[in-house]
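Since the structure comes first, as structure tokens, the remarks are kept for the end.
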Amino acid sequence: MDKENKLFYKKQFIWEKLSSDEKKDVFKLGDDYRAFIDASKTERLTIKEIVKRAEENGFECLENKTEVNPGDKIYYINKEKNAVLAVIGKQSIEKGMNIVGSHVDSPRIDLKQNPLYEKHGISLLKTHYYGGIRKYQWVTIPLALYGTVVKSDGEIFDIAIGDDENDPVFYITDLLPHLAKDQNDKKLSEAIEGEGLNVIIGSLPAINESDDDDKKDDKKFKLNVLKILNEKYGMIEEDFQTAELEIVPAGKARDVGIDRGMIMAYGHDDRVCAYTSLQAIIELETPDKTSVALFSDKEEIGSVGNTGMHSAFFNNMVAELITLQNNGNYSELLLKRALANSSMLSSDVAAGVDPTYPQVTELQNAPIMGQGVAMVKYTGSRGKSGANDANAEYIGKLRKLFNENGVIWQPAELGKVDQGGGGTIAYIMANFNMDVVDLGVPVLSMHAPFEIISKTDLYMTFKAYKAFYNNF
Ligand code: MN
Ligand code: MN
């Protein structure tokens, strides 16, 4: 066997290969990532944090630009829920861009539009979960409430309750084991029902001064919640109908393990790839090709809606860039060329091998935690259905790039054939005829309220995106 073969078959963990300086960098990046993800509990807050960091590093809003030149750093926000950062390259945009695209939405529990009710002395909120959650994981844990409310006069305000240590939290109940006989006999997927994810918001009755005895007991628990919301935000019940309110796990990201090698947090999928691509692009000087970090929304429900990857927001932004680059001249052909000549890393998390459940993965093709950034040639399910399935030529070029730049990567597949499957935004961007492959951080307990990643994989993913922007 030649040297390269030996390296490939004798897999090494990143930690064994790093210098002591690099090991310090791994922990530094881990600390900064925890700060990022603690500030990014929702898609809107993630975009705020991304733009804050971008502005601190010299990025300017696209709307303020009258022309673009090599080295310009630009951001574009779409409806507060997704964003694009770009660093203009030396070559013209029609020659193609190097794009790293992640998503900033994570599985969660949304409030319904008319959520508030009371029953048996408790006020609750009705919900509809968002994305693929295992419902039983979301009961009996501390929950936080975030969101944006539009009042009847058009005023907009934000709500954030549950993550400040002085805040109360919210809660979804489950049965006690003593009385769970019927529930225990149900399938895991049916034991907790969607309509059973009701969130406790209050338990004290309003003191009703009415003299009319008939009215005294009417909805006084619900009334008390409304009174508090009105005192705090000037909110009335109808305002729920023009709000987007999200229930997410309360609590900060934490290091995991006595060696602090991993991080537990809500929303690694996919804010860990958003973070690593953000950090890679904000350090970038004038690249050869225009470099783009794309942060999409709604991936967890099929990339739909005006902030999802199926929306025209990205193409529109590139059209604006082309126009600014060409003194106001625009042709659709230039846009088509720009997209078709582009290369993209669809930066989404991969399912790492769980030592407790290795049977769901085919171990020869599954990413091991701590063995590097995972390259997923194809996702999809049941015979690659719905997959992007990247070209060998493209992943061959990436292999060369990564191996030349000290990026440790591993080929990966999303679980055993016929065990399940999933998708990312890769196939959507491939429709423009650009080269796309999935490349991201392996995760354990994906879509659980708290997921786990390895700090060394975080570091290597950051290194991979940096190499892609600088040298591809
Ligand atoms: Mn994802
Ligand atoms: Mn996901």
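The values are calculated or read from the model by the stated rules, or taken from the named source; none is laboratory data. What you are looking at is a predicted structure, and each value in this text was computed from that prediction instead of being measured. Cβ sites come from the backbone with ideal geometry, for glycine too, and all protein chains shown count toward neighbours. We work out accessible area using only protein heavy atoms, side chains counted, and drop any ligands, DNA or RNA first. Shrake-Rupley method; radii C 1.70, N 1.55, O 1.52, S 1.80 Å.
Taking the three principal axes of the alpha carbon atoms in region 313-430, the coordinate ranges are 58, 33, 22 Å, sorted in descending order.
Rounded to the nearest 5, the antiparallel percentage of DSSP beta bridges internal to region 56-127 is 85%. Evaluate the Debye formula for region 280-365 with equal point scatterers sitting on the alpha carbons, no solvent, and hand back log10 of I(q)/I(0) at q = 0.20 Å⁻¹, in q order, two decimals. Result of the Debye calculation: -1.08. Phi-derived couplings, Karplus 6.51 cos²θ - 1.76 cosθ + 1.60 at θ = phi - 60°, listed residue by residue for region 97-104: 10, 9, 10, 10, x, 10, 10, 10 Hz, with x used for Gly and Pro. Antiparallel beta bridges, as assigned by DSSP with both residues in the chain, represent about 70 percent of the total such bridges. Could you state the orientation-averaged shadow area of the convex hull built on the Cα atoms of region 196-303, in nm² to one decimal? Projected area, direction-averaged: 13.6 nm². Selection among 149, 123, 133 by position relative to the dipole of region 122-164 gives 133 as farthest towards the positive end (Cβ unit charges, Cα centre). Dimensions of region 384-464 based on its C-alpha atoms, expressed as ranges along the principal axes with the largest first, amount to 36, 33, 22 Å.
Give the Rg/Rh ratio for region 108-249, taking Rg as the radius of gyration of the Cα atoms and Rh as the Kirkwood radius, to two decimals.
1.00
The convex hull of the Cα atoms of region 243-388, projected and averaged over all directions, covers 13.6 nm².
Restricting the calculation to Cα atoms, the chain yields a radius of gyration followed by a Dmax of 24.0, 92 Å. Per residue of the chain, what 222 nm ellipticity follows from adding -39500 (n - 2.57) for every DSSP H run with n ≥ 4, rounded to the nearest 500? It comes out at -9000 deg cm²/dmol, rounded to the nearest 500.
Can you tell me the dipole magnitude for region 320-397 around its Cα centre, using point charges on the Cβ only (Lys, Arg +1; Asp, Glu -1), in Debye to the nearest 20?
Using only the charged Cβ atoms, the result is roughly 180 debye.
Ordered by solvent-accessible area of protein heavy atoms (1.4 Å probe), largest first, the residues 285, 299, 190 come out as 285, 190, 299. Using the alpha carbons alone, the radius of gyration of region 17-163 stands to its Kirkwood radius in an Rg to Rh ratio of 1.07.
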